[in-house]
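These notes concern the structure reproduced below.
The values are calculated or read from the model by the stated rules, or taken from the named source; none is laboratory data. Since we're looking at a predicted model, the values are computed, not measured. Because the Cβ atoms are built from the backbone with ideal geometry, glycine has one as well, and the counts that use them run over all protein chains shown. SASA here: full protein model, heavy atoms, side chains in, ligands and nucleic acids out. Shrake-Rupley method; radii C 1.70, N 1.55, O 1.52, S 1.80 Å.
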Amino acid sequence: VQLQASGGGLVQAGGSLRLSCAASGGDLSRRNMAWFRQAPGKDREFVATIFWNNENTNYANSVKGRFTISRDNAKNTWYLQMNSLEPEDTAVYYCAAGGSGVGPYNYWGQGTLVTVSS
């Protein structure tokens, strides 16, 4: 299974971005999916997760109310809609699948860089 994350870029504070993660080489429709991020000089941290059945989501307190995780099982793709971005959200964002909660996860994408300018 390979995960391909995309959608990162440079945005001003208060702006929005939507990240996508497309899976190939396997059916992940019954696997939980998640997003993590790693800011420069910091450890990787959990951002959000969505259950395979689309009925349950969980978020880190730092992004709750601003970020929304969703998935399209038919497309083997999941998303992270990020609104009201803050400079503190600057990080490389990684998608992950096949785990639960904050991890561990079996599959990881390569990461996509999000830079929020003040």
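Heavy-atom surface analysis with a 1.4 Å probe gives the range 52-105 a carbon and sulfur content of 46 percent of its accessible area.
Classify the range 1-69: rounded, prolate or oblate, from the alpha-carbon gyration tensor (a ≥ b ≥ c, eigenvalue square roots; a/c under 1.5 rounded; otherwise prolate if a/b is larger than b/c)?
Numbers: a/c = 1.72, a/b = 1.40, b/c = 1.23.
Prolate shape, in that a/c is at least 1.5 and a/b is the bigger ratio.
In order along the range 8-25, phi translates into HN-Hα couplings of x, x, 9, 9, 7, 4, x, x, 9, 9, 10, 8, 10, 9, 9, 9, 9, x Hz, rounded to whole numbers, per the Karplus curve 6.51 cos²θ - 1.76 cosθ + 1.60 with θ = phi - 60° and x for Gly and Pro. Each label was represented as a point 7 Å from its Cα along the Cα-to-Cβ direction; for LEU10 and GLU88 these points are 2.4 nm apart.
Dipole of the range 32-118, Cα-centred, from +1 at each Lys and Arg C-beta and -1 at each Asp and Glu C-beta, to the nearest 20 debye? Each step should come with its number before you reach the end.
On the way: 7 positive and 7 negative charges, 21 e Å.
Roughly 100 debye, rounded to the nearest 20.
Placing unit charges on the Cβ atoms of the charged side chains and taking the dipole of the range 5-66 about its Cα centre, the candidate lying farthest along the positive direction among ASN61, SER24, VAL11 is VAL11. Near VAL47, the amide H atoms lying under 5 Å from its own belong to TRP35, PHE36, ARG37; only residues 5 or more places off or on other chains count, and H is placed 1.01 Å from N.
In whole Å, what three semi-axes, largest first, describe the equivalent ellipsoid of the chain built from its Cα gyration tensor (square root of 5 times each eigenvalue)? Don't skip to the end; give the middle numbers.
Numbers: eigenvalues 99, 38, 35 Å².
They are 22, 14, 13 Å, listed largest first.
Under a 5 Å amide H cut-off, with hydrogens placed 1.01 Å from N, TYR107 pairs with ALA97 among residues at least 5 apart or on other chains.
Here the Karplus relation 6.51 cos²θ - 1.76 cosθ + 1.60, evaluated at θ = phi - 60°, turns the backbone of the range 74-91 into coupling constants of 5, 9, 6, 9, 10, 9, 9, 7, 10, 10, 6, 5, 10, x, 5, 7, 4, 4 Hz, with x for every Gly and Pro. Calculated FRET efficiency, ARG30 to ARG66, Cβ-Cβ distance, R0 = 22 Å: about 0.20 to the nearest 0.05. Put simply, the amide H of GLU86, placed in the peptide plane, has neighbours under 5 Å in GLY14, leaving out anything fewer than 5 places away on its chain. A simple rule links phi to the HN-Hα coupling: the Karplus curve 6.51 cos²θ - 1.76 cosθ + 1.60 with θ = phi - 60°, which for the range 46-55 gives 5, 10, 6, 9, 9, 6, 4, 8, 6, 9 Hz, with x for Gly and Pro. Considering the zone a paramagnetic label at SER100 would reach in this model (a point 7 Å from Cα along the Cα-to-Cβ line), which residues of the range 12-51 have amide N under 12 Å from it? Zone members listed by number: 32.
Ignoring ligands, DNA and RNA, what accessible area per residue does the chain give at 1.4 Å, in Å²? Could you put the intermediate results ahead of the total?
Details: 5990 Å² over 118 residues.
Computed with neighbouring chains in place, this is 51 Å² per residue.
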